[in-house]
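Just so it is clear, none of the values below were taken in a lab; they were calculated from the coordinates. Note that the coordinates shown come from a computational prediction; the quantities given were computed from them, not determined experimentally. Note that we place each Cβ from the backbone using ideal geometry, even for glycine, and neighbour counts take in every protein chain shown.
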Amino acid sequence: MDKIQRRTRRKKSIRKKIAGTTERPRMCVHKTNRNISVQVIDDVEGKTLCGTSTQSSALRGKEASETYSNVNSAEKVGEAIAKAATEKGIKKVVFDRAGHKYHGVIKALADAARKNGLEF
């Protein structure tokens with residue numbers, strides 16, 4: 001198996017176990033080499049409640065290096081999603097790392113979201 005197939009396999013295994021509800025929606029992370037995006041999703045209704053990414057105008061830096069998928073930009077995205085979720089009245093979420101290993105960028109995003117008020 002190559003790297004993409006292994007991640008897809010982990011992703012399917014994770015999604016079997018977790019689902020977002022109205023009381024506790026799912027916070028899904030999508031990471032590429034250049035960008036990070038996060039959405040808070042209610043799987044019961046099939047709606048995205050809020051979301052943000054490094055491509056959003058509020059987080060886009062003036063330098064190209066600031067918009068890449070690195071730890072600093074992940075922390076900014078984590079802060080932004082926590083603020084957006086608390087504005088919608090969401091305090092608790094289920095964290096969906098989408099098959100990515102919990103270290104580096106994914107861990108920085110999760111820690112920043114926790115510091116700014118989200119519980120998971």
Exercise. Quick one: length gained pulling Asn116 to Lys16 fully straight, 0.36 nm per residue minus the C-alpha distance?
Worked result: 33.2 nm
For this session: In nm, give the distance between the simple-model label positions of Ile4 and Asn33, each being 7 Å from the Cα along the Cα-to-Cβ direction.
Result: 1.3
Problem set entry | Low-density loop positions, GluC sites (Glu not before Pro), segment 25-120 - DSSP coil, at most 13 other Cβ in 10 Å | Glu45, Glu63
Exercise. What does the charge dipole of the chain about its Cα centre add up to, to the nearest 20 debye, if the Cβ of each Lys and Arg holds +1 and the Cβ of each Asp and Glu holds -1?
Worked result: 640
Seminar exercise, completed: From the Cα centre of segment 73-120 to that of segment 1-49, the distance in Å is 13
Seminar exercise, completed: A chain fully extended from Thr86 to Glu45 at 0.36 nm per residue, minus the present Cα-Cα distance, gains in nm 12.8 nm
